[in-house]
Every structure is written in C-alpha cells, then in structure tokens.
1. Tell me which of these A:VAL329 doesn't satisfy, since it passes every other one: (1) under 15 Å from the mean Cα position of the chain (by Cα); (2) in contact (Cβ under 8 Å) with a residue 40 or more places away in the chain.
2. Could you go through segment A:437-445 and let me know if any residue there is within 14 Å of chain B (Cβ to nearest Cβ), within 25 Å of the chain's Cα centre (by Cα) and over 20 Å from B:ASN118 (Cβ atoms).
3. Does A:ALA21 fit the bill of being in a strand (DSSP E or B) and surrounded by 16 or more Cβ atoms within 10 Å (Cβ to Cβ)?
4. Among the residues of segment A:315-330, which ones are closer than 19 Å to A:GLY288 by Cα, touching a strand residue (DSSP E or B) at 6+ places or on another chain (Cβ under 6 Å) and either modelled with pLDDT under 90 or more than 12 Å from chain B (Cβ to nearest Cβ) (or both)?
5. With respect to B:LEU144, determine if the residue is touching a residue at least 24 places away in the same chain (Cβ under 8 Å), away from chain A (no Cβ under 11 Å) and assigned to a strand (DSSP E or B).
6. Mind telling me which of the residues A:ILE438, A:ILE409 ends up being outside any helix (DSSP H, G or I) and out of contact with any Leu (no Cβ under 8 Å at 6 or more places or on another chain)?
7. So which residues in segment B:106-128 are at the interface with chain A (Cβ under 9 Å from one of its Cβ atoms) and either touching a residue at least 12 places away in the same chain (Cβ under 8 Å) or β-branched (Val, Ile, Thr) (or both)?
8. Of the numbered conditions (1) touching a residue at least 24 places away in the same chain (Cβ under 8 Å); (2) away from chain A (no Cβ under 14 Å), B:SER152 fails exactly one; give the number of that condition.
Amino acid sequence: MSKTFSIGGIHPHDNKISINAAIENFPVMERAYISMSQHLGAPAEPVVAKGDKVKTGQLIAKANGFISANVHSSVSGTVNSIEMLPDLSGNLVQHIVINVEGDEWEESIDRSSEINRKIVHSPKEIIDKIAECGIVGLGGAAFPTHIKLSPPPGKKADYLLVNGAECEPYLTSDYRIMLENTEEILIGVKLMMLALGVKKSYIGIEENKPKAIKRMKEIASKGYPEIKIVSLKKRYPQGGEKQLIDAIVGRQVPSMGLPIDVGVVVQNVGTALAVYEAVQKNKPLFEGVVTVTGKCMPEQRNFRMRVGTTFESMIFAVGGFPKDAEKLVSGGPMMGKAVSRIEAASVKSTSALLLLTLEETKRGEEANCIRCAKCVDACPMGLEPYLLNRLSRANRVEDLEANMVHDCIECGSCLYVCPSDIPLLDTIRLSKAKVLKIIRSRPKK
Amino acid sequence: MTAIIIFTIASLTVLGLVLALILYFTAQKFKVVEDPRIDDVETILPGANCGGCGFTGCRAFAEGCVKAETMDGLFCPVGGNDVMKKVAEYLGRSVEEKVPQVAVVRCNGNCDSRPKSNNYDGYTSCAVMASLYAGDTDCRYGCLGQGDCELSCDFDAIKMNPRTGLPEVDEEKCTACGACVKACPKMIIELRNKGPKGKRIFVSCINKDKGGVARKACAVACIGCTKCQKVCAYDAITISSNLAYIDYNKCKLCRKCVVECPTNAIWEVNFPVRVPKKAVAEVEQQ
C-alpha cells in the first residue's frame, strides 16, 4: 500500500517527458558565472581576486555567518572579474566570473567511478566535511545541509526521511540519479544517519516511478537494512517537507515549527548524492543534474551540469529557442521561479529549466469567487485560501494571522484548482511575508 | 377581564420603572467622560478618513489634537493650513504654517525610453510583482506600472497613464496625504514642497546603478555624472550612490541643472515654456 499525506493535494498531469533520457555531461562553457548567494542565508565572501588561477573544485568563496555555505569553482581557469550581476529574477547578486581554460580538477578529488563503500569518518568529521564542501539542500530551498544535520541542543532526531518523491511535474533529475547512482545515494543516506545518530531512515518515492522504487529496494536489501524504501501515492505536494513527514511517519509538524520538533530531519536524494560525493570522494558541490525540458522543445534531456552555466547556453544545447516558447521556468511548473534574464546562471539548487508555450502558461481572466471550496479541499495545510485572499486584499493583518496565513507552504494547489482563476497564491504569499515579518519582530518569550 | 388588563399594565409599569432605575445607576457608575471638544474638532476636520495624518481616521486625529499639549507634528494634509488654523484657534493654541506639499513621481522611464525586457503576466499589483522579481524592464528601481498608487489614492489624484505606463499626479486634487508613498513598493513617490506657483524641480529617477548600467536600461536615467551638482550655485544637489537628489529647501529654481542634465532626468514643472537655445541663436543671427 502506498502512503500519502492526510489532507488536501492535487493531481496535476506529471508530464515527465524526459524520464528516459539518461544523464549526459553538459559541455563546460567558455565562461562560468558563479553566484555568491546560492544558498539560504548570508552570501559567501569571495577569497579569490581578479586574475587568480583557479582549479575545478577549488574554494573560491567562504561561508559568511552562521547560515551560509562555501562556494567552489565549477571550472578551471582565470578569474575574470568579481561583480554584481543580475540573477534569474533580475536582482543584483555578487558573482565570480571565471574564464575557462581547460578542465583541471583539484588533485584531492577522487574522480574514479568506483563506489567507495567504506565509511571511515566520525559523525563530527562527516558534518565538517559537508560544511567544507558547501553542500546545500537540493530540494529547492537550498538550506545549508550541515546546519540541518546538527540539531539544536535538547532536540533529537528519530528518523531521517529522504525525499525522492519528485512530485513536481516535468522534473526528472532526481529520478535519473535514483536509477543511475542508486548505491551512492544509499551511502549518502547512511552517512547522514551516522551524522545525526539515527537508527532508521526512509526514502519516499512516488509510485509513478516504479523502476526507481524497484532498483532502490533491490540495492537497499543487499546491504542497507536500516534504510527502508517507501512507495508514495502520486499526489502533489507529496515532496513537501511537512507532507512527507505526515505520509511516512504520521507526525504533524506544529505551526511555525521545524521537522526537528517532531524528531525528523528531511533531506533530498540529490543532497544524499552530494553528501556521498563530498565525504567519500572529496568532491565539493559544484555540479548537479538539471532537466532541460518542455513540450515545445525538440528534445528533452537530463544533464550533469556545472554551477554557473547560463540558461541561454542550456537552451542552445538542446537546439535553440523554440518559436512558441513564452516562459522560462527554473524548477518545476508549480513552485519554480520564472527566469526573467536568460543571461543569468544556474546555481547549486537548480533542478530544471522548463520552457512553456503561451497556451500552457496563460492565466485566465479573474472572475468572482463562487464559493465552491475547491481551494479549501486542495490546501495541504488545511487553510482556507479563498478567505485568506479576501483578507489579504483588505489588508486585515490580525485576521490573517488568526487564520494561519503563515502556515502556507506556497505550493500553488489552490491556484491550480480555482475555476475562477483568482490569483490566490499571489495575494496570500504577499500577506504571508507581511505576517511573518510581524511575528518575527515580536519580542521572544 | 378588566382585572387582567389592570394587572398587566401595573406589572409592566413596575417592571419598567425598576429596569429604568437599574439602567440609570449603571449609566452613572460606568459613565465614560469624553471631552466635548473632540466632537467639535471632528466637525472642523474634512472627514476624509484617509489616514494621511498618521492617525487611523479623523476621529482619532481629533482626539490626538485635543489630548496633545502643542500642535507640533499634527497636521491634516487634506484640510491643509486653513483647517489646522481653525483647529488651533478653537483649542486656543498657535500653529505654524506648513508649506504645501505634493506627491512627485520619481521615474520617467516610459515605454520608449525604458524598453521592456520581459512580459509580466501575473496578478496586477505592484506589491506582488515586486515580491516576485526585479521588474519587466532592465531597470531594477523603476516604476512597475501596475497601479498600486492609483488604487491607494482616496482623492482620485494619481492616475496611470496607459501611454507612458507611468502614474501622473493631479496637483489640484493631491492633498499630500502620503498614501501612494506608502503603497509604492519601489519607493518612487516622494512628497515635495509644491513650490511658489507650483514651480518645482526634481530628479525624476531613483536608479542607483552605475552610469553605464543605468543608461543601458533606461535612456532617461540619472547616471550620477555630477554635472548638475557642479552647476548648482546653492549646494542644493547631493549625489550619493550614482544618484542626484535636489533638496527642495535649498533649491532656488534657477533651472541651470535642468539644461545641464545629459539624460533629461531632471524635470521642471509649471515653468513657462523655454525657447530652445538653438532657436534663440538662429533668431539672433537673422
């Protein structure tokens, strides 16, 4: 029996058209644009200067502050400049621009394809290694992994949940690594379990990926009895942190709480692979699997791509800009971010580049709410989006807080089901930010 | 039959009297003493309830006026100096006259000078748009054009011009209540002194990028070239992070900076039409 979360959820068409495309190495570009804000928290501080020679995998920027992560060079060459460049949403972010010359890796990185199964590190060493290699959560939010793996004093994790649900339509990067790097992921999960000191771990995979479930189960049964593979129902947002915890261990994360409050830590399969590579192969996080897809594209492919590749070059690698492409999305169609500058570069947590046609993206004209309550049924957090929308427009902040607007996970389910095309998510997201700001500004008890 | 009627009337009368007594004593006990002046001040105020004074409405402002010791910091932008004078007179205090102000839009990048680099197809709201990304042109500072200011205005004084994509202020109607200043997520709108006969000069740009970047995004952006600062004889212009700002208290409206500005980012309002220098020279030659 497949498991699932208890309330809400929608069933968008999964459109996994790139599912059979094996991972290919993306050619190294001529110039890499490496952002200093690839993670949640403070931007990293560059430690190289203009004109410096760097090797692939070399540390080029140090974590700056508690919530921050190291950044490594994804290419080898000369630092062209350190400047403020627009990211995909047009906001200026500090970038290190590197002119590529050959592809010379740091000697310390183990580039053999052999799987290193022997774990020699202590929990402390594992966490230090993860921090040093700049691993961030690859599920989307890009939260520095080493912080997630060191729970605050007084709190203890019972389970490690690994998210292989990939509930976003179109995305296949996690699926491909689950098929092609199965054992590496399992070792990565084991390393994180050691670091956390937990005895049991679950990997949740949606049932529309039977091959991945089968292969994962096969390998896990051979030498990883502490890791259980759980089949999940196909339902969006199955991969949401709180939904995954509900589905697999049946615990409810309290409002404004973190998974660690109920003794759970959630990581993504991509992060598990990055942890394996960092600890066992000494390889910092500077490349990842990116799905380049879209129905209007001549072909859909999965690439192993260096951080700092421009979206422009990704499109040209798969045959150029299709005529009818209207919108570029970094990530999936539900929670991805629209790319407003094609000259912007990919970051660590970029999982896909999706091209949509006007027909696919066009929003309908907003009509009156007909009180059908479809949004209430769809909300996985048990909120009432139609009400929150009205309160947001009237700017009634106290009522918004009383109706728990801050619990919204911005999954977009309400907007997806609304027959009147009301921009529910847009207004709710705005008031959520407002309410969160007020809550955080209150003196702590 | 008559007995029942008499009994009913009598019992109801007694009941009414008892309840009236209870109500009378309760009202005496829990009486809220309110300054009668608050009502009077409220009738003087315009009653727009716009919140421009910083209070929640006209009643709250009246209460604030009565309770405050002096009239410092209290000003009704809708009623202006006249209303404030009346309020002060009624309360027996003095009030300083305030220079009338007006909302000014500090972005002049219209559709021609600031071409769109992408299309926004989301919800029509500047606040939502600003929370999503930097905007549909290459200028990160400029007007988003979704009309939050127009919606926020209680006096119908600011309107989006569909031809330029920018808001325009009707000086006659603008009361300088500051609602649009708060509504604009890009902080483009500023309250400035209206100036003598409405004449004023301001930098109609808030782009803080370096000159090249700003110019590339918008043909009429302030590029921070300091030419206006050099030409200004009254030290009214300051330049910080590649952006000029004219202090309206120091500006003597000489208009030298307007001519000097290479990108036409400095605007003059309500001045007589200037004859172009070239034309003057040509006339002289002839």
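1. A:VAL329 satisfies all of (1) under 15 Å from the mean Cα position of the chain (by Cα); (2) in contact (Cβ under 8 Å) with a residue 40 or more places away in the chain except (2).
2. Checking segment A:437-445: at least one residue is within 14 Å of chain B (Cβ to nearest Cβ), within 25 Å of the chain's Cα centre (by Cα) and over 20 Å from B:ASN118 (Cβ atoms).
3. So A:ALA21 fails the test.
4. Once the filter is applied, which keeps residues that are closer than 19 Å to A:GLY288 by Cα, touching a strand residue (DSSP E or B) at 6+ places or on another chain (Cβ under 6 Å) and either modelled with pLDDT under 90 or more than 12 Å from chain B (Cβ to nearest Cβ) (or both), segment A:315-330 yields A:VAL318, A:VAL329.
5. No.
6. Values: A:ILE438 fails: outside any helix (DSSP H, G or I).
The match here is A:ILE409.
7. Matches in segment B:106-128: B:SER117, B:ASN118, B:ASN119, B:TYR120, B:THR124, B:SER125, B:ALA127, B:VAL128.
8. (2)
The values are calculated or read from the model by the stated rules, or taken from the named source; none is laboratory data. Fair warning: this is a prediction, and the values are worked out from it, not measured in the lab. Cβ: placed from backbone, ideal geometry, glycine included. Neighbour counts: every protein chain shown.
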